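Input: a single structure, listed below in structure tokens.
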Amino acid sequence: MTKSELIAHLSGANPHLRLQDVELIVATIFTEITAALARGDRVELRGFGAFSTKTRDPRTGRNPRTGEAVDVTAKSVPYFKPGKELRERINKPAAPRPALRATNAA
């Protein structure tokens, strides 16, 4: 789902809100999560998961084109850990499928 699809879905589910208001809400949420991660804070949404940053140590990498060794500096990368409720909903067993009838071609 893209950001525009999310906005369209939320707008359809909440007809009492204007499309511009839904766009502002979604943009504000993403901006605040991004700003918190940039500050080094952790963002936890109960039942959904937690956003945080992890630090990658400096290392020596390779230029794939030339094979030359390249120094890669330390950096912070975003990390998402899904919450228990999200994991359970994703891993919920699917409903059993009805058995297919065998056809005799004879």
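The values are calculated or read from the model by the stated rules, or taken from the named source; none is laboratory data. Since the structure is predicted, the reported quantities are computational estimates derived from the model, not experimental observations. All Cβ positions, glycine included, derive from the backbone under ideal geometry; neighbour counts span all protein chains shown. What goes into the accessible areas is simple: the full protein's heavy atoms, side chains included, and nothing from ligands, DNA or RNA. Shrake-Rupley method; radii C 1.70, N 1.55, O 1.52, S 1.80 Å.
Could you tell me whether the chain comes out rounded, prolate or oblate from its Cα gyration tensor? Rule is a ≥ b ≥ c as square roots of the eigenvalues, rounded for a/c under 1.5, then prolate if a/b exceeds b/c, otherwise oblate. Oblate shape, in that a/c is at least 1.5 and b/c is the bigger or equal ratio. Taking the helices alone, the chain has a mean residue ellipticity at 222 nm of -11500 deg cm²/dmol, built from -39,500 (n - 2.57) per DSSP H run of at least 4 residues and averaged over all its residues.
Rounded to the nearest 10 degrees, the inclination of helix 3-13 to the longest alpha-carbon principal axis of the chain is 40 degrees. Summarising the label geometry, the points placed 7 Å from Cα in the beta-carbon direction at T53 and L86 lie 1.9 nm from one another. Ligands, DNA and RNA left out, the 1.4 Å accessible surface of the chain is 55% carbon and sulfur atoms.
Of the whole protein surface, D71 contributes about 130 Å² of accessible area at a 1.4 Å probe radius. Most tightly packed first, judged by the mean number of other beta-carbon atoms within 10 Å of their residues, the peptides 40-47, 60-67 read 40-47, 60-67. What's the angle, to the nearest 10 degrees (0 to 90), between helix 19-38's Cα axis and the longest principal axis of the chain? The helix 19-38 is inclined about 40 degrees to the chain.
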